[in-house]
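Throughout, read-outs are computed from the coordinates displayed, never taken from laboratory work. Small disclaimer: the values here were computed from a predicted structure and weren't measured. Cβ coordinates were reconstructed from backbone atoms using ideal geometry, including for glycine residues, and neighbour counts include every protein chain displayed.
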Amino acid sequence: MRWRREEYMDLMTFAGGTRPMLVELFGPLIGLEAEWLSQGATAGELDLTAFGFDYVPVISCGGNTGLMGGIQPHRIEETAEYVIAVDELGRKTKLCKGRATIALPLAYPVTDMASWLKIKPWYTFREDRIKWDQVAKAKKAQQEGAMVLASMPGGFDLPRQLMGEENACLCYYDDPELMHDILATAGDTALAVLDRISEKLQIDNLAVHEDMAGKSGPLAGPNQVYEYIRPYYRKVWDMLQAKGTRLFSQDSDGNMNAVTDAFLDCGVTIMYPAEPAAGMDIVALRKKYGRRLAFKGGIDKHVLRQDKAAIERELRYKLQPQMQEGGVVFGLDHRIPNGTPLENYRFYVQAAKELLGLPQNGEPGWQRMAF
């Protein structure tokens with residue numbers, strides 16, 4: 001079912017009056033469509049529209065707060081197994097065909113302050129970061145029920161993209177001036193772009209992508225979040241919140257338990273995808289944080305490769321009545337994994353809808369909810 005922006009924002013701010021929401025956040029992993037096709041999947045099942053998921057139409061606010069400029073991307077080598085290329089940051093990358101959708105960087109452009117200053121203009125403010133025709137388009141779409149989305153680079157993800165994970169982590173200790181300058185630059189740019197846009201357009205959701213954790217925990221701890229990321233986040237969020245923005249969502253895989261309190265203090269209101277395999281339990285988190293934090297995802301994707309009894313146990317736990325009182329968009333905790341039988345996925349959707357009191361034959365539809 002298509003939701004209007006007001007309904008979605010009410011759900012995620014515990015404002016009430018909205019039924020539960022069931023979505024597919026990201027879609028299938030590479031290779032799953034071929035598996036399902038061999039199991040008799042229809043075209044609607046392959047593109048997920050046949051399952052009648054909920055979604056809210058989303059439109060960009062028209063502002064670019066990240067990389068602008070850079071290197072002209074080009075391929076260096078391609079084989080049957082991989083593609084070697086150079087991306088916009090000038091990084092040499094490798095994409096393994098049939099196994100990945102994101103290329104792996106083999107080198108990074110920033111090693112010290114001097115190398116950062118060479119590319120810093122790619123991240124500073126310029127007037128053409130704002131596409132005013134898109135702002136006008138977003139305003140019209142918003143009047144028709146679409147949610148207006150703004151994004152800014154991740155406080156951990158941006159340095160990681162520039163330096164690599166290991167050097168970004170070391171930078172907190174070895175070169176704090178560099179880390180502060182990168183985030184101050186990104187913050188000043190995001191503030192300038194979104195402040196101008198929000199004078200003309202109500203921004204509904206500020207989104208940030210981090211992916212800063214694995215199963216053992218985050219790559220930056222609470223101290224680093226408070227010292228480096230909090231000033232960056234709050235610079236932008238405080239301005240937008242004062243202008244009526246209601247949602248601040250953060251995408252990070254892995255176990256974020258150690259830094260959840262710190263990010264709440266940074267202003268984050270929604271976290272996703274809440275991976276159970278990494279130790280994230282939305283039921284336990286709801287008990288701990290109450291209405292301070294909303295979630296998307298949280299249903300263990302790996303359970304779908306087990307039997308139907310295991311699927312039902314997971315759903316009865318995650319979709320229990322107390323979790324249906326707002327602040328949750330129910331869905332798998334990331335992409336649908338390879339090896340998921342089509343029959344199990346059909347059962348999962350049917351059982352979830354039954355527990356949530358949703359119609360089994362809702363209108364066809366699906367949209368990525370990765371924001």
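Of all residues in segment 79-100, those satisfying the criterion of being in contact with a strand residue (DSSP E or B) (Cβ under 8 Å, 6 or more places away or on another chain) and not hydrophobic (A, V, I, L, M, F, W, C) are GLU81, TYR82, ASP87, ARG91, LYS92, THR93, LYS94, LYS97.
Of the residues making up segment 82-118, just one is small (Gly, Ala, Ser), under 24 Å from GLY27 (Cα atoms) and without any contact (Cβ under 8 Å) to a residue 60 or more places away in the chain, namely ALA103.
For LYS200, the conditions (1) over 18 Å from LYS235 (Cβ atoms); (2) in contact (Cβ under 8 Å) with a residue 60 or more places away in the chain; (3) within 22 Å of the chain's Cα centre (by Cα); (4) in a loop (DSSP other than H, G, I, E, B) all hold with the exception of (3). For segment 1-28, enumerate the residues that are touching a helix residue (DSSP H, G or I) at 6+ places or on another chain (Cβ under 7 Å) and assigned to a strand (DSSP E or B). Selection gives MET21, LEU22.
Taking (1) in contact with a Phe, Trp or Tyr (Cβ under 6 Å, 6 or more places away or on another chain); (2) surrounded by fewer than 17 Cβ atoms within 10 Å (Cβ to Cβ) in turn, LEU48 satisfies each apart from (2). The residues listed here are TYR226, TYR233; of these, the one that is surrounded by fewer than 21 Cβ atoms within 10 Å (Cβ to Cβ) and either in a loop (DSSP other than H, G, I, E, B) or of a type outside the set (S, T, N, Q) (or both) is TYR226. Scanning segment 170-197 for residues that are surrounded by 17 or more Cβ atoms within 10 Å (Cβ to Cβ), in a helix (DSSP H, G or I), touching a residue at least 60 places away in the same chain (Cβ under 8 Å) and of a type outside the set (Val, Ile, Thr) yields LEU178, ALA186, ALA190, ALA192, LEU194, ARG196.
Can you name the residue in segment 252-299 that is among the charged types (D, E, K, R) and crowded, with 22+ Cβ neighbours inside 10 Å and, of all such residues, is farthest from ASN344 (Cα to Cα)? Even if it seems obvious, please write down each step before you answer.
Filtering segment 252-299 down to residues among the charged types (D, E, K, R) leaves 253, 261, 265, 275, 281, 286-288, 291-292, 296.
Filter again for crowded, with 22+ Cβ neighbours inside 10 Å, leaving 275, 296.
Working: GLU275: 20, LYS296: 21 Å.
If we take residues in segment 252-299 being among the charged types (D, E, K, R) and crowded, with 22+ Cβ neighbours inside 10 Å, then LYS296 is farthest from ASN344 (Cα to Cα).
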